[in-house]
Structure formats: structure tokens, C-alpha cells
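The values are calculated or read from the model by the stated rules, or taken from the named source; none is laboratory data. Please read these numbers as outputs of a predicted model, since none were measured by experiment. Reconstructed Cβ throughout: ideal geometry from the backbone, glycine too, with neighbour counts over all protein chains shown.
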Amino acid sequence: MLQSLLNGVGSLVVKRSGRLQQARALRDLGLWGLERNSRGHLSIDGADACDLVERFGSPLFVVNESRLVRDVRGVRQAFASAPAGSRILFSYKTNCVPGLLRSIHGLGIGAEVISPYELWLAESLGVPGDDVVYNGVSKSRESLERAARMNVLAVNIDSLDEIDRLLDVATRLGRKLRVGLRLGLRADCQFGLNVAGGAALEAARRIAARPDRFELNCMHFHHVASAWEVGAHRELTRRALDAVRAIRDATGLEAPYLDIGGGFGVPTTRVMTRREYAVYRLFEAPPSPPRPERFMPLGRYLPALFEYVHDYCHDHGLTMPRIIIEPGRAIASRAELLLTAVHAIKDQGQSTPFALTDAGRLSLTYPCDYEYHEILVAGKPEGPLTHRYHLTGRVCTTADWIARNRCLPRLEQGDVLAIMDAGAYFHSCSSNFAFPRPAVVAVRNGRERTLCAAESFEHLTATDSAALAAAARGSGHALRKQAEIRAS
Ligand SMILES: *Cc1c(COP(=O)(O)O)cnc(C)c1O
């Protein structure tokens, strides 16, 4: 009874979702700076997407470098009204491919890192300490020493316990550390020092007590969102400035930098609401596409925030701070896509046929779980959405899929799908579950260069202890040797 009711509701919401997809799917390739070439194929800055897969294999991450440059410039322009000395730092966890980071740093953007590895990478890429902020909840002692040696702009403190560790490091190195406080502005915040509960003030007192070892350089918060307009961010900024004021009044400390984090959205993808997520899970009815015309461009968003900070400081006798932003998605999302080939179509009497691809959420498309991502067919990017498919992955579990009940042009074996907005949290969340990770190539003016080679099978076994021992001895195929020993 309940089951048949659910089935009935399910088929209705799937039908409705299909209509919304057909009406609103993003078909304007210009949204990503893409085109259709003379063969009718998707063209990424002059490179034919189908050709790329033929030459580099599938799946394949493709960075559109012209788009990346445009989006970085867009953020810089939107940021232009920030006070002198303000900084834009790219969030490494959003997309941590070194070749991409080099391009971004080459455009004058610094690094926001959240792990010992990311900090090491920023140092290895030659980012000066003055352009690095070290955030994160799990900072090793070794990485804190590195941060101290680099004299990073701020190590943003996430918990009171971290202060003891920092003091220890500073004392041992005989240095003074530039630190910041990550403010936890929501009642049940997982990240940062809870402001309402008094942890932020307590942290500031401990910093103020050791002027020989600590310099409070930064007040930080991060808006965990893919914001389409400025309202919620402005409200968090108000709370942050209230905390800044309370800390100044209690300790006399006023940090020169206010770091308002990232969380800026893009018009081509959006996070599902809780309800959409639940409906997607329960009925396999996907959310409707975003509506780019409702998106507030960063060129209006950031100046509105800066004006708010300025007015608040003026009204409350605070010094106008320099501003730090830590965009990830706003810089990288649209500049990369994931190409994946259709290996087979299974239309065997199910209500929705399966299109078997060589991507999937367990290894490559994790953000498709909770965000809407446009999917184009590379050979006919503007083809009519006449069919409906479950797009599934390459790992043998029903949990590995890309999308359920997606409306697409009719698919055949060999078609190449382009999953859009793969520049944010795809590669950095990818895994080598049963398959090595694919290559990342960058395209500019019709010319490609490989940013990361595809992982080989040997890459996956390189840390095997027998392989390491064999490498140390300079002898050949360790795994086989191991197997031979076992067999004899
Ligand atoms: C993830 C993260 C960012 C980047 O977020 P986006 O939504 O990609 O802009 C910035 N700062 C911090 C602290 C983060 O954790």
C-alpha cells in the first residue's frame, strides 16, 4: 500500500523533473566560454572534445585556460575596491592540481591551505609566506614549524588546544608567529572558535598574553555556501565584526586583516536544497537546473560587502582592515570539465535505461551527489533532450553513479559526455577506487599540454613495501617477484 503510493508519487516527481530539465537545462555554451565547432562538436578553446578523448583517453579532465584567466580577472576586478594591501588567496582544496595552481599564482593570486600537504605544496610552488594563509582543523606540529619558517601571513587558530602547540613551536624556534582566529559564528559551528560560547575571546586573551611569541594578524571566518547573493555573507560579516569589536575592547588587540573566506557561487551550478536532496535520494528525481539570470555577479557582491565593512568600522570606531578573500569555486569551477565515454547502453526493460560510463561518484564525480551539474553530449552539445537515462559509474556497486533520470539527447555506445563545472572539488575529491586517476590536460588556443599524466597501475602500487624495497635495490618488478616467491 505505502509502496505503491510511493511508486505513484515517484513517477510523478520524475516526470515533473523531466519537464523542468527540458525547459531549463543550460544550453548556452557561452556560459562556460565554450563553442560548437564546424563538426557540431563541443569545442574547448579550439580543441574538439571528442578528439581530446581519442588522443588522451577517457575519462579526462580538461582545463580551459582562457576561461580560467577570465574568471581570475573577474574576481580581481570585483575585488578592486578592497583597501590597499588586501589579498586574494586561492583555496587549494578546491582544486589542487599543481599545474593549475602555477597558472593561478602566475596571475597574482596567493594560497589558502588547509593541510600539511597543501602548505608544503604552496612552499614548493614558490608562494611567498606573505601570500599564504594556513587554515584547517588538523595541523601537524611539523607543518606548524614549516608555517613558522615561511612566516605565513596567518596561521588561523581553530581550537584552544591548538594555541599550546603553536606556543611550543614558536618557543622552540625562537620566533614570533603571525596568527589569526577562525571565528565560529553559528551556534553549533564545527569549525573555529565558538564566539557565542566565549572560546574566541579566550583565545584572544591567550594571544594577548604572549606578545613575545604571537602577533594577531587576522580575523577569519568562512561562509560555507555557494552563495548566489550577498545577504547571508553580510550577516556573518556583521557577527564577525561584533566579535572583532568585543575582542578589541577586552584585549586591546585589533588585527590588520579581516579574512572573509570563500563560498562565492557560480551561475552554472548550485547546491541542492535539503528537500531536493531528499527527493533525489527517495524518488531518483533530479533537481532542476540553476537559473543564471538570478545570480548576483561578484562585481556587485564583493563591493557590497566591502561597503558594509567600511560603514561598520566607521560607525564603531574600528580601523578599516585589509581584506582577504579565499575563493575556490569562483575561480576554478567553470574552467574545467570532465569528459567520460559511454561504454554501453542497457535498455533491458527497466523504466529508465542505463548508460554505463567510465566516471562515477565514488571515484570522480562526487560533487554531482549534492550539486546540479550540467551534462552535455560532446558530439551534439545542443541536441534536444529527448531521452532519459541513469548515468552509472565504472565500479561494480550500485552506489557508483553520476546522475539518475537525466534528460539527454539519445545516447549510443562511444558517445562522450562532458560534465560541466568539474573545476571545483572533482579532482581534489577523486579517488583511485579500482581505477587509477585520469589525466588532466589544459587547453589554450587549440593547443594542449598535460598538467598531470594519468596514473599508471605502477603508481598505485608504488608505495607497496616490496615495491619500495625493490626500488631501493634498483631491481625490477617487485610485485611479480613477490608473487614468484610466494608461488615457489
Ligand atoms: C573550502 C574553503 C574555501 C573555498 O570555498 P569555495 O566555496 O570553493 O569558494 C575557502 N576558505 C576555507 C576556509 C575553506 O574551507
request  = May I ask you to list the residues in region 70-100 that are of a type in the set (A, V, I, L, M) and in contact with a helix residue (DSSP H, G or I) (Cβ under 8 Å, 6 or more places away or on another chain)?
outcome  = Val72, Val75, Ala78, Ala82, Ile88, Leu89, Leu100
Test set (1) surrounded by 17 or more Cβ atoms within 10 Å (Cβ to Cβ); (2) farther than 30 Å from Pro384 by Cβ - Asp464 fails condition number = (1)
ask   = When both residues are 6+ apart or on different chains and their Cβ atoms are under 8 Å apart, which pairs have a first residue that lies in region 405-432 and is closer than 14 Å to Ala359 by Cα, and a second that is among the charged types (D, E, K, R) and surrounded by fewer than 17 Cβ atoms within 10 Å (Cβ to Cβ)?
value = Asn432/Glu455
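Across region 29-47, what is the total count of residues that are touching a residue at least 12 places away in the same chain (Cβ under 8 Å) and out of contact with any Pro (no Cβ under 7 Å at 6 or more places or on another chain)? Write out each step before concluding.
Applying the first criterion (touching a residue at least 12 places away in the same chain (Cβ under 8 Å)) to region 29-47 yields 29, 31-34, 36, 40-42, 44-47.
Subsequent filtering for residues that are out of contact with any Pro (no Cβ under 7 Å at 6 or more places or on another chain) retains 32-34, 40-41, 44-47.
Count: 9.
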request  = Hey, could you check region 246-268 for residues that are surrounded by 24 or more Cβ atoms within 10 Å (Cβ to Cβ) and away from the ligand (no atom under 14 Å from the Cβ) and say which is farthest from Val155 (Cα to Cα)?
outcome  = Ile247
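Please verify whether Gln21 is over 24 Å from Val113 (Cβ atoms) and touching a Pro at 6+ places or on another chain (Cβ under 7 Å), treating the condition exactly as stated.
Yes: the conditions hold for Gln21.
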key: Flag for Ala243 being within 28 Å of Ser138 (Cβ to Cβ), within 16 Å of the ligand (Cβ to nearest atom) and in a helix (DSSP H, G or I)   = no
message = Return the residues of region 104-124 that are within 13 Å of the ligand (Cβ to nearest atom), assigned to a loop (DSSP other than H, G, I, E, B) and among the hydrophobic types (A, V, I, L, M, F, W, C); say none if nothing qualifies.
response = Ile109, Ile114
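Hey, among Arg172, Arg178, which residue is assigned to a helix (DSSP H, G or I) and either more than 16 Å from the ligand (Cβ to nearest atom) or under 21 Å from Leu144 (Cα atoms) (or both)?
Details: Arg178 fails: assigned to a helix (DSSP H, G or I).
Residue meeting the stated conditions: Arg172.
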key: Single condition Leu411 does not satisfy, out of (1) touching a Phe, Trp or Tyr at 6+ places or on another chain (Cβ under 8 Å); (2) among the hydrophobic types (A, V, I, L, M, F, W, C); (3) within 20 Å of Ser103 (Cβ to Cβ); (4) assigned to a loop (DSSP other than H, G, I, E, B)   = (3)
task = List the number of the failed condition for Arg27; all other conditions in (1) modelled with pLDDT of 95 or more; (2) closer than 30 Å to Pro438 by Cβ hold.
result = (1)
ask   = Of all residues in region 307-343 being within 24 Å of the chain's Cα centre (by Cα) and in a helix (DSSP H, G or I), which is nearest to the ligand (Cβ to nearest atom)?
value = Arg329
task = Looking at (1) in contact with a Phe, Trp or Tyr (Cβ under 7 Å, 6 or more places away or on another chain); (2) surrounded by fewer than 18 Cβ atoms within 10 Å (Cβ to Cβ), find the lone condition where Met420 falls short.
result = (2)
ask   = Can you tell me which residues in region 207-240 are without any contact (Cβ under 8 Å) to a residue 12 or more places away in the chain and more than 16 Å from the ligand (Cβ to nearest atom)?
value = Ala209, Pro211, Gly231, Glu235
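Would you point out which residue out of Arg234, Arg270, Arg248, Arg274 is within 26 Å of the chain's Cα centre (by Cα), modelled with pLDDT of 95 or more and within 21 Å of Met320 (Cβ to Cβ)? I'd like the intermediate steps shown before the answer.
On the way: Arg270 fails: within 21 Å of Met320 (Cβ to Cβ); Arg248 fails: within 26 Å of the chain's Cα centre (by Cα); Arg274 fails: within 21 Å of Met320 (Cβ to Cβ).
It is Arg234.
Residues to consider are Ser81, Ser140; find the one that is farther than 18 Å from Leu181 by Cα, away from the ligand (no atom under 13 Å from the Cβ) and either out of contact with any His (no Cβ under 8 Å at 6 or more places or on another chain) or modelled with pLDDT under 95 (or both). Walk me through how you get there before you give the answer.
Values: Ser140 fails: farther than 18 Å from Leu181 by Cα.
Step by step, each of Ser81, Ser140 is checked, and only Ser81 is farther than 18 Å from Leu181 by Cα, away from the ligand (no atom under 13 Å from the Cβ) and either out of contact with any His (no Cβ under 8 Å at 6 or more places or on another chain) or modelled with pLDDT under 95 (or both).
Restricting attention to region 150-165, report how many residues are out of contact with any Lys or Arg (no Cβ under 8 Å at 6 or more places or on another chain) and more than 16 Å from the ligand (Cβ to nearest atom).
Of all residues in region 150-165, those out of contact with any Lys or Arg (no Cβ under 8 Å at 6 or more places or on another chain) come to 150, 159, 161, 164.
Then keep just the ones that are more than 16 Å from the ligand (Cβ to nearest atom); that gives 150, 161, 164.
Count: 3.
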query = Out of all the residues in region 95-103, is one or more in a strand (DSSP E or B) and among the basic types (Lys, Arg)?
reply = no
request  = Among what's in region 10-36 and is of a type in the set (A, V, I, L, M, F, W, C) and in contact with a Phe, Trp or Tyr (Cβ under 7 Å, 6 or more places away or on another chain), pick the residue that is surrounded by the fewest Cβ atoms within 10 Å (Cβ to Cβ).
outcome  = Val13
task = Give just the number: which of (1) more than 22 Å from the chain's Cα centre (by Cα); (2) surrounded by 16 or more Cβ atoms within 10 Å (Cβ to Cβ) does Arg172 not satisfy?
result = (2)
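Condition first: among the hydrophobic types (A, V, I, L, M, F, W, C) and without any contact (Cβ under 8 Å) to a residue 12 or more places away in the chain. Now tell me which residues in region 147-195 satisfy that. Give the derivation first.
The first filter runs over region 147-195 and keeps only residues among the hydrophobic types (A, V, I, L, M, F, W, C), leaving 147-148, 150, 152-155, 157, 160, 163, 166-167, 169-170, 173, 177, 179, 181, 183, 185, 187, 189, 191, 193, 195.
If the condition is that a residue be among the hydrophobic types (A, V, I, L, M, F, W, C) and without any contact (Cβ under 8 Å) to a residue 12 or more places away in the chain, then Ala187, Cys189 are the ones that fit.
May I ask you to verify whether Ser81 is among the hydroxyl-bearing types (Ser, Thr, Tyr), in contact with a Pro (Cβ under 9 Å, 6 or more places away or on another chain), more than 21 Å from Leu451 (Cα to Cα) and in contact (Cβ under 8 Å) with a residue 60 or more places away in the chain? I'd like the intermediate steps shown before the answer.
On the way: among the hydroxyl-bearing types (Ser, Thr, Tyr): yes; in contact with a Pro (Cβ under 9 Å, 6 or more places away or on another chain): yes; more than 21 Å from Leu451 (Cα to Cα): yes; in contact (Cβ under 8 Å) with a residue 60 or more places away in the chain: yes.
So Ser81 fits the description; yes.
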